[in-house]
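Colleague: Before anything else, here's the structure in question.
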Amino acid sequence: MKKKRFNVLTNVAIGFFAMFLLLLIERVGILYKGSNESVTLLPTDNVVHMKELPREKKCLLIINKDDATSKLIYPQYVQILTDMRVGFDTIDISEVKINKWQLSGNGTNYETVVIATSDYSAIGEDILVLTDWVKEGGRLLVGVTPVRSEIFDIIGPKLGIVEMGDELSVVNDFISDEDYMLGAGKTYYVDDAYESSLVVQLDSSAAVYAHTSDNTPLVWSYKYGAGKFVVCNFSYVSKAYRGIYSSAYTLLEDVFVYPVINASTFYLDDFPSPTPAGDGEYIKRDYGMGIAQFYSAVWWPKVLALGDKHNIPYTGLIIETYEDDTGEELPTNKSTADYYYYGNMLLNKGGEVGYHGYNHQPLCGPDYVYEDDIGYKVWESYTAMYNSLDELTKFSTGVFPGTELSVYVPPSDVLSPEGRQLIGDEFPGIKTIASIYFEGPDAYSQEYEVSEDGIVETPRIVSSCIIDDYMKLAAFSELNFHFVTSHFMHPDDLLDEDRGAAIGWKQLSQNLDDYMTWIDESAPDIRHLTGSGMAGAVQRFVNVIPKTQVEDKKVIITTKGLIDDVYYLIRVPEGGLISADGGKLKKLNGTLYLLDAYEDTVTITRE
Ligand SMILES: [Zn+2]
């Protein structure tokens with residue numbers, strides 16, 4: 001009897017020892033190999049240019065402050081041209097008339113024009129000044145669906161339009177030609193479809209680059225005289241569709257070069273965090289186990305397997321406690337076993353840990369009023385906010401000694417101006433904030449940029465494992481605009497019906513796998529980076545001021561502000577590129593190339 005009991009105890013001890021050994025092996029990284037791609041986050045003073053535009057203004061952006069569509073599309077084009085580093089002037093046709101002298105006189109000599117209004121009647125007969133300029137060699141983008149008018153009808157044939165319907169047609173989806181955008185060969189569905197494109201019959205010599213599933217042309221180009229028109233017959237004017245407009249712009253020139261971020265990231269919010277006790281309704285239904293067991297036996301192994309399959313180094317964001325204290329005295333979480341277990345596995349897979357919150361209360365001080373009340377509290381004082389981050393950083397560096405934590409993700413993407421200031425002023429260890437790309441109530445919405453205090457803004461674009469049509473289109477758009485993808489999810493998605501709990505993990509993980517596969521197939525060359533790697537990529541992206549010189553047999557790209565290397569996408573609608581000196585060139589599709597430029601001057605040979 002006694003002996004048997006002793007054996008049981010020995011077995012338990014051996015079991016514990018084996019587990020300890022496993023954890024140790026995990027920590028030193030014997031079992032897993034990490035992703036070998038990394039981009040270092042640089043000290044702030046390396047970044048001296050912030051998307052500075054070349055001095056030469058090569059583009060004229062035409063807007064109309066009296067037109068509602070123009071008001072919406074205008075800020076999108078400003079961001080598109082700025083991020084692609086196209087120097088531009090803006091004129092508002094509600095105030096100024098267009099004349100020849102504006103286009104090529106007065107010291108200016110524009111190469112491109114973008115019409116960012118749907119109302120051509122405001123341009124009046126001056127439209128002929130523009131079309132004549134194209135005939136002479138100018139390049140003009142009809143930047144958003146025009147409304148039919150006497151004036152627009154005059155120029156229709158010059159744009160390649162043979163016939164035009166009176167009504168606009170509903171745009172339900174977007175299909176790119178295989179040789180045009182990345183992620184082509186797939187139908188992207190539009191959210192809240194409405195009548196937004198001209199019904200047209202095009203001349204046979206028009207080159208159609210994108211269309212709807214019922215064959216309405218959405219993007220085409222048409223040669224006119226020595227010049228060229230590109231028409232973007234598309235009118236969804238929000239941030240999620242920028243890549244459609246930016247890609248249309250790239251078709252204007254014979255060779256168009258623009259800097260990109262080249263990064264793909266996956267964030268696991270609230271991970272590691274205290275594992276909820278008890279049962280989740282749908283987890284119990286599908287797996288017959290409690291939440292804690294499900295996380296360790298089902299969810300996490302699957303997430304790791306997907307990371308392996310798609311070569312993804314995850315970035316996990318730590319929550320210290322789910323208690324909702326927002327006072328100045330904050331107790332330290334003493335149970336750290338889960339943090340060691342999950343966090344070290346993540347690190348050993350080449351991943352990274354960052355900060356999310358002491359608890360899940362956003363950094364909003366006592367005077368902050370939530371636009372949308374979803375039950376969040378405010379912190380009692382500035383000191384309380386400070387203490388919460390201070391406690392979190394001490395806790396995290398205690399659990400992961402020797403690991404640099406530089407990424408901060410605001411809880412629920414909410415961060416008050418006061419909280420944002422606090423991070424920049426008091427926490428120099430935080431070098432990048434990964435919040436959200438899209439606007440929403442209380443959301444700390446970002447652009448990819450470096451703020452004045454040196455913090456790198458690295459917004460996330462899509463989230464959860466539902467990945468609806470809107471997100472798919474947004475992901476497609478950003479892949480083509482910034483050559484970037486960014487996704488986040490939470491382990492507790494499985495507890496929340498709004499985030500798909502009822503669908504079940506089997507289907508949700510399949511959706512995630514599908515999204516990762518879409519990235520692999522659409523952009524096999526994109527760099528898979530952690531949150532800090534993404535920030536390093538953004539630092540290099542914002543700092544460059546490129547200049548492109550196109551000649552008969554070659555293209556010369558000169559980069560001011562090159563730190564070590566930077567990536568460019570190059571659109572060549574006709575002909576092609578052969579090789580690069582000073583950079584590495586890769587053909588992505590029939591008209592698009594990726595260039596890794598590592599010299600200030602890169603010379604590319606043309607076909
Ligand atoms: Zn969270």
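The values are calculated or read from the model by the stated rules, or taken from the named source; none is laboratory data. Just so we're clear, the structure is a prediction, and the values are computed from it rather than from any experiment. Methodologically, a virtual Cβ is constructed for each residue, glycine included, from the backbone with ideal geometry; neighbour enumeration extends over all protein chains shown. To get the accessible areas, we keep the full protein, side chains included, count just its heavy atoms, and leave off ligands, DNA and RNA. Shrake-Rupley method; radii C 1.70, N 1.55, O 1.52, S 1.80 Å.
Colleague: Quick one: count up the residues across segment 47-71 that are buried (at least 16 other Cβ atoms within 10 Å of the Cβ) and either in contact with an Asp or Glu (Cβ under 9 Å, 6 or more places away or on another chain) or in a helix (DSSP H, G or I) (or both).
Modeller: 12
Colleague: Which of the numbered conditions does SER38 fail, given that it passes all the others? Conditions: (1) assigned to a helix (DSSP H, G or I); (2) within 23 Å of TYR567 (Cα to Cα).
Modeller: Here SER38 clears every test but (1).
Colleague: Related question: Filter segment 209-220 for residues that are open to solvent by 10 Å² or more (accessible area, probe 1.4 Å) and out of contact with any His (no Cβ under 8 Å at 6 or more places or on another chain); which is farthest from THR548 (Cα to Cα)? Outline the logic, then answer.
Modeller: We begin by selecting, within segment 209-220, every residue open to solvent by 10 Å² or more (accessible area, probe 1.4 Å); these are 209, 211, 213-217.
Filter once more, keeping what is out of contact with any His (no Cβ under 8 Å at 6 or more places or on another chain): 209, 211, 213-216.
Numbers: TYR209: 24, HIS211: 30, SER213: 36, ASP214: 38, ASN215: 35, THR216: 34 Å.
The extreme case among them is ASP214.
Yes or no, residue by residue, for (1) touching a helix residue (DSSP H, G or I) at 6+ places or on another chain (Cβ under 8 Å); (2) open to solvent by less than 10 Å² (accessible area, probe 1.4 Å); (3) not assigned by TED's automatic domain parsing to the domain that holds GLU449:
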| position | (1), (2), (3) |
| --- | --- |
| GLY225 | yes, no, yes |
| ASN233 | no, yes, yes |
| THR250 | no, yes, yes |
| LEU268 | yes, yes, no |
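Colleague: Still on this model: With the checklist (1) of a type in the set (Val, Ile, Thr); (2) open to solvent by less than 10 Å² (accessible area, probe 1.4 Å); (3) within 26 Å of THR332 (Cα to Cα) in hand, flag the one item THR275 doesn't pass.
Modeller: Of everything listed in (1) of a type in the set (Val, Ile, Thr); (2) open to solvent by less than 10 Å² (accessible area, probe 1.4 Å); (3) within 26 Å of THR332 (Cα to Cα), THR275 misses just condition (2).
Colleague: I'd like the residue in segment 376-434 that is acidic (Asp, Glu) and either at pLDDT 95 or above or in a helix (DSSP H, G or I) (or both) and, out of all such residues, is farthest from the ligand (Cβ to nearest atom).
Modeller: Step one: filter segment 376-434 for residues acidic (Asp, Glu), giving 380, 390-391, 404, 413, 418, 425-426.
Applying the additional criterion that residues be either at pLDDT 95 or above or in a helix (DSSP H, G or I) (or both) yields 380, 390-391, 413, 418, 425-426.
Working: GLU380: 21, ASP390: 19, GLU391: 17, ASP413: 9, GLU418: 20, ASP425: 24, GLU426: 22 Å.
Result: ASP425.
Yes or no, residue by residue, for (1) outside the structural domain of ASP520 (by TED's automatic domain parsing); (2) under 11 Å from the mean Cα position of the chain (by Cα); (3) open to solvent by 20 Å² or more (accessible area, probe 1.4 Å); (4) under 30 Å from TYR245 (Cβ atoms):
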{"site": "LEU405", "(1), (2), (3), (4)": "no, no, no, no"}
{"site": "TYR408", "(1), (2), (3), (4)": "no, no, no, no"}
{"site": "ARG420", "(1), (2), (3), (4)": "no, no, yes, yes"}
{"site": "ILE436", "(1), (2), (3), (4)": "no, yes, yes, yes"}
{"site": "GLY440", "(1), (2), (3), (4)": "no, no, yes, yes"}
{"site": "ALA443", "(1), (2), (3), (4)": "no, no, yes, yes"}
{"site": "GLU452", "(1), (2), (3), (4)": "no, no, yes, yes"}
{"site": "SER463", "(1), (2), (3), (4)": "no, no, yes, yes"}
{"site": "ASP469", "(1), (2), (3), (4)": "no, no, yes, yes"}
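Colleague: Let me ask something else about it. State which residue is farthest from SER273 (Cα to Cα) when the search covers only segment 308-326 and only residues that are within 16 Å of the ligand (Cβ to nearest atom) and among the acidic types (Asp, Glu).
Modeller: That would be ASP324.
Colleague: Of the residues in segment 312-358, how many are closer than 19 Å to ASP413 by Cβ and among the aromatic types (Phe, Trp, Tyr)?
Modeller: Going through segment 312-358 one residue at a time, the tally reaches 4.
Colleague: Another one. Given the options GLN361, GLN293, name the one that is in the same structural domain as HIS490 (by TED's automatic domain parsing), within 16 Å of the ligand (Cβ to nearest atom) and under 23 Å from VAL399 (Cβ atoms).
Modeller: Values: GLN293 fails: within 16 Å of the ligand (Cβ to nearest atom).
When all the criteria are applied, what remains is GLN361.
Colleague: Across segment 103-126, what is the total count of residues that are open to solvent by 30 Å² or more (accessible area, probe 1.4 Å), out of contact with any strand residue (DSSP E or B) (no Cβ under 9 Å at 6 or more places or on another chain) and assigned to a loop (DSSP other than H, G, I, E, B)?
Modeller: Of the residues in that region, 6 qualify.
Colleague: From the set of residues in segment 231-272 that are among the β-branched types (Val, Ile, Thr) and modelled with pLDDT of 95 or more, which is nearest to the ligand (Cβ to nearest atom)? Spell out the reasoning first.
Modeller: To start, the set of residues in segment 231-272 that are among the β-branched types (Val, Ile, Thr) comprises 231, 237, 244, 250, 255, 257, 260-261, 265.
Then keep just the ones that are modelled with pLDDT of 95 or more; that gives 231, 244, 250, 255, 257, 260-261, 265.
On the way: VAL231: 43, ILE244: 31, THR250: 37, VAL255: 44, VAL257: 39, VAL260: 29, ILE261: 24, THR265: 16 Å.
Selected residue: THR265.
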